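Student: Just dropping this structure here.
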Amino acid sequence: MSIIKFLDLGSQPIANGFLTQEEFADEFFFNLSVGLDEETRLVTQMEYVSPDKMFNDSYAYRGSLSQTMRSHFSEATESLAPHLPKSPKVLEIGSNDGVFIKNWETKTTFAVEPCSNFADETNNLGYTTYASFWDTKLSEQIMSEQGCMDLIYAANCMCHIPDLDETFKAVSNLLAPEGLFVFEDPSLVEMLSRNSYDQIYDEHAHIFSVTALNNLLNRNGLKIINVEALSVHGGSNRIWAARSDSPKTFSFDLELYLVQEGMSGVDNLGVLDNFATKVLLSKENLIELLHTFKMEDKKVISYGATSKSTTIFNYCNIDSSLIDCITDTTPEKQGKYSPGTHIRIVAAPLQIDDAVDVAFLGAWNFEKEIKKKEHKFVERGGQFITHVPHVRLV
Ligand code: TMP
């Protein structure tokens, strides 16, 4: 596998590794660089962080805390159900705190979740949850214990797994002959068009184009039958796939889709190099804007202690001299510090108190939900800023 590097985001910590002061000295860092795989056209990290460093019993991201995500997964359930047999057998890979599986029957729904804190939670709810990483061995175990699956679903999980050949082969082995494999992850086209380089962090081993997925699925016994564009997580694609020999079809023209996607430059090194140039400009502009606020003596906070903001703050060297604190609704993050740049994370009932002048949208992908919640802040003249698609006041 030959990978051509096009972007270097420097030294980065574990993006979801919110930590206490005592843990600062032993913090793990790695070089976050991204390249294009010449063979599959996959945009992928040059060096993967070992999964057990990221996904363990202190994993802090909870999908069900956001109304947007809760609605998203109940809508996903409604759109999947008509394509499945009655009482389908369903497996979710990467079930987090159960935000998707809670929409399905306990008896016929199974889950895989390596973070044991979450696996315990969904086991307690009655969903058989395997507290392991997804691989061939686990798929064989599930096959022998539960039989094949009518639906294998994964949200924001496939892009986390370094070895996609093994992953997709294991899916194809466990899928019923007419079963569906449906998965969604951030879209490379959207990342390039929004200049949202913060989609790149340790957990996102790859940022998917449909072009690359088509190459990888085809060589592992699967085929794409539909692609849906989603607004969540800053623009994602939901891929509907089936076994290569499946009769399942959709009125979807894959060839046309691939031609159109190709025109946006997802596997063109010139386009990817240009993206890297824009990322550097975004960094310079964000630092400049934050320095201006500092000179004006404005209190700046960040809204949402996201994995994405870990990439930004570390790449741009933004620490507590520029951002006073980060607010977040996740209990596991509150009272801790942001990875790498060590900005304190606080809970605030109304998220933004009266002293705050400016809030950087760390969770820019929830802009609508946040602005609605924080209308009083906006009404009293508070300003949100973002770097998407370029550094600006919102
Ligand atoms: P994500 O961008 O990785 O989905 O993470 C969103 C983070 O933002 C998560 O830690 C919860 C936090 N958040 C808030 O603190 N307040 C909010 O209103 C929303 C929508 C998210």
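No lab work stands behind these numbers, since they all come straight from the coordinates. Just so it is clear, the model here is predicted, and its values are computed rather than measured. Virtual Cβ from ideal backbone geometry, glycine too; neighbours counted across all protein chains shown.
Student: Taking the Cα centre of each part, how many Å lie between region 310-368 and region 181-242?
Tutor: Spelled out, the Cα-based centre of one part sits 28 Å from the other.
Student: On average over all directions, what projected area in square nanometres does the chain have, based on the convex hull of its Cα atoms? Don't skip to the end; give the middle numbers.
Tutor: Details: hull surface 75.3 nm².
The orientation-averaged projected area of the Cα hull of the chain comes to 18.8 nm².
Student: So the label point goes 7 Å from the Cα of residue 58 along Cα→C-beta, right? Which residues of region 6-21 then have their backbone N under 12 Å from it?
Tutor: 14, 16-21
Student: Just to confirm the number: angle between the C-alpha axis of helix 164-174 and the first principal axis of the chain, 0 to 90 degrees, nearest 10?
Tutor: With rounding to tens, the tilt is 40 degrees.
Student: Can you give the FRET efficiency to the nearest 0.05 for residue 135 and residue 276, using r as the Cβ-Cβ distance and R₀ = 35 Å?
Tutor: 0.60
Student: On a straight-distance basis, which lysines could pair with residue 169 in a cross-link, Cα separation under 16 angstrom, same-chain partners fewer than 8 positions away excluded?
Tutor: Output for residue 169: 137, 223.
Student: Here's another thing I want to ask about it. How far is helix 269-295 tilted, in degrees, relative to the longest principal axis of the Cα atoms in the chain, given as a value from 0 to 90 rounded to the nearest 10?
Tutor: For 269-295 against the chain, the angle is about 30 degrees.
Student: May I pose another question? Counting pairs of Cα atoms in region 52-175, how many percent are more than 26 Å apart? Before the final figure, lay out each step's value.
Tutor: On the way: 1062 of 7626 pairs.
The proportion of pairs with Cα distances above 26 Å equals 14 percent.
Student: Report the FRET efficiency, 1/(1 + (r/R0)^6), for residue 252 and residue 369, where r is their Cβ-Cβ distance and R0 is 35 Å, rounded to 0.05.
Tutor: That gives a FRET efficiency of 0.70.
Student: Then there's this: Excluding residue 79 itself, calculate the net charge of residues whose Cβ lies under 13 Å from the Cβ of residue 79, where each Lys or Arg counts +1 and each Asp or Glu counts -1.
Tutor: Numbers: positive: 238; negative: 75, 78, 184, 228.
Around residue 79, the surrounding residues sum to -3.
Student: Can you tell me, using C-alpha contacts under 8 Å and at least 6 residues apart, the relative contact order of region 22-267 as a whole percent?
Tutor: 18 percent
Student: Please list, in order along region 21-34, the HN-Hα scalar couplings obtained from phi with the Karplus expression 6.51 cos²θ - 1.76 cosθ + 1.60 (θ = phi - 60°), rounded to whole Hz, x for Gly and Pro.
Tutor: Once θ is set to phi - 60°, the couplings for region 21-34 become 4, 5, 8, 4, 5, 9, 5, 8, 10, 8, 8, 9, 10, 10 Hz.
Student: Under the rule of at least 5 residues apart or a separate chain, name every residue whose amide H is placed under 5 Å from the amide H of residue 15.
Tutor: Those qualifying (amide H under 5 Å, at least 5 residues apart or on another chain) are 202, 203.
Student: Could you pull out every one of the lysines with an alpha carbon less than 23 Å from that of residue 368, ignoring same-chain neighbours closer than 8 positions?
Tutor: Reachable lysines: 299, 308, 333, 376.
Student: Can you list the aspartates and glutamates whose alpha carbon is less than 20 Å from that of residue 107, not counting same-chain residues fewer than 8 positions off?
Tutor: 78, 92, 97, 120, 121, 140, 145, 150
Student: In whole percent, what relative contact order does region 270-393 give with Cα contacts below 8 Å and a gap of six or more residues?
Tutor: With pairs under 8 Å counted, the relative contact order is 25 percent.
Student: Place a +1 charge on the Cβ of each Lys and Arg in region 20-64 and a -1 charge on the Cβ of each Asp and Glu, then give the dipole magnitude about the Cα centre in debye, rounded to the nearest 20.
Tutor: Here the size comes out at about 260 debye.
Student: Next question, about the same structure. Considering the options 331, 4, 21, tell which one lies farthest towards the positive end of the dipole of the chain, charges being +1 on Lys and Arg and -1 on Asp and Glu at the Cβ, about the Cα centre.
Tutor: 331
Student: Placing +1 at every Lys and Arg Cβ and -1 at every Asp and Glu Cβ, with all other atoms neutral, what dipole size does region 57-158 have around its Cα centre, in debye to the nearest 20?
Tutor: Details: 7 positive and 13 negative charges, 43 e Å.
Dipole magnitude for region 57-158 comes out near 200 debye.
Student: When the dipole is taken about the Cα centre of the chain, and only Lys, Arg (+1) and Asp, Glu (-1) are charged at their Cβ, what size is it in debye, to the nearest 20?
Tutor: Taking the Cα centre of the chain as origin, the dipole is about 880 debye.
Student: So, one more: Ordered by residue, what ³J(HN,Hα) values in Hz, to whole numbers, does region 253-268 give under the Karplus form 6.51 cos²θ - 1.76 cosθ + 1.60, where θ = phi - 60° and Gly and Pro are x?
Tutor: These are the phi-based 3J(HN,Hα) values: 9, 5, 4, 4, 4, 5, 4, 5, 5, x, 5, 7, x, 4, 10, 9 Hz.
Student: If each residue of separation counts as 0.36 nm, what is the full-extension length gain between residue 146 and residue 317 once their alpha-carbon separation is subtracted? If you can, show how the numbers build up before the last one.
Tutor: Working: separation 171, 0.36 × 171 = 61.56 nm, distance 4.89 nm.
Length gained, residue 146 through residue 317: 56.7 nm.
Student: Follow-up question, since we're still on this one. Please tell me the relative contact order of region 77-196 in percent, rounded to the nearest whole number, where contacts are Cα pairs under 8 Å and at least six residues apart.
Tutor: 24 percent
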